[in-house]
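Following: one structure in structure tokens, then a few remarks.
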Amino acid sequence: MYIIVIGGGRIGEYLISMLVNEGHDIALIEKDSERARHMAESYDILVIKGDGSEANYLEDAGIHKADVLIACTGNDQINFVACQLAKSTYNVKKVIARTTNPSNKVLYEKLGVDVVVSTTEAAAKAIYAGIKGFTAVLTFSGDVELIYAQITERSPVVNRKLSEIHMPWGSIIATILRKGQIIVPRGDESLLAGDEVAIVSKKGVESKVRELILG
């Protein structure tokens, strides 16, 4: 895919490093001269020094052929205008935005942005997950959560078959990750120490899930 990334800061660089490893063609628009020079020297990508919220820089980056535009600067105004141009003027198939203010998510969604990531919200949820004892807790559609947890030797469910584990109402073990391999949950499968489980849960029952899985 041809992907335009706006913002070559820590988040942008980490994202670009993964995308380059996957073989995607990347164009970066970065305002800061030093960051732009660093990215050009570090990665085999097109780097344009400029403001990603201005149409001429977007066109220099090849937005007419872009499959994806990702606006991930720390400036919500730049990100919003870039997404607006990508959606309304250039009809980019998929537009992804970073926002530092969770309350701005609704504005991006009304604009038609496909994916909106709030870094503040993500950090808060990671801290919340740690408090609860989970690896991560992600919320979808306001009422559905995806909970990640690791099974330890002290877990109440370690070495027990899934058919013997009675999950709280509204929750289900969706997948098991064991030594890098994904295992589809089946009734005769046992949970082993070191397994990571992904649990789809109705919001509000995470405390019961924690008690059952982690003790």
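Can you name the residue in the stretch 173-215 that is hydrophobic (A, V, I, L, M, F, W, C), closer than 14 Å to GLU145 by Cβ and in contact with a Ser or Thr (Cβ under 8 Å, 6 or more places away or on another chain) and is also surrounded by the fewest Cβ atoms within 10 Å (Cβ to Cβ) among such residues? Checking each candidate, the answer is VAL200.
Consider ALA55 carefully, then state whether it is more than 21 Å from VAL81 (Cα to Cα) and more than 24 Å from the chain's Cα centre (by Cα). Judged against the criteria, ALA55 is not a match. Here is a list of conditions, (1) in contact with an Asp or Glu (Cβ under 6 Å, 6 or more places away or on another chain); (2) surrounded by fewer than 18 Cβ atoms within 10 Å (Cβ to Cβ), and LYS105 meets all of them except one; can you say which number that is? Among (1) in contact with an Asp or Glu (Cβ under 6 Å, 6 or more places away or on another chain); (2) surrounded by fewer than 18 Cβ atoms within 10 Å (Cβ to Cβ), the lone unmet condition for LYS105 is (1). Candidates VAL47, VAL81, VAL68, VAL20: the one that is within 24 Å of ASN101 (Cβ to Cβ) and without any contact (Cβ under 8 Å) to a residue 40 or more places away in the chain is VAL81. Output yes when any residue across the stretch 149-160 is part of a helix (DSSP H, G or I), at pLDDT below 85 and over 30 Å from ILE78 (Cα atoms), and no when none is. No, because not a single residue in the stretch 149-160 is part of a helix (DSSP H, G or I), at pLDDT below 85 and over 30 Å from ILE78 (Cα atoms).
Restricting attention to the stretch 108-119, the residues being surrounded by fewer than 18 Cβ atoms within 10 Å (Cβ to Cβ), within 17 Å of the chain's Cα centre (by Cα) and outside any strand (DSSP E or B) number 3.
The values are calculated or read from the model by the stated rules, or taken from the named source; none is laboratory data. Treat the numbers as computed from the prediction; the structure is a model and nothing was measured. Using ideal geometry, Cβ is built from the backbone for each residue, glycine included, and neighbour counts are taken over all protein chains shown.
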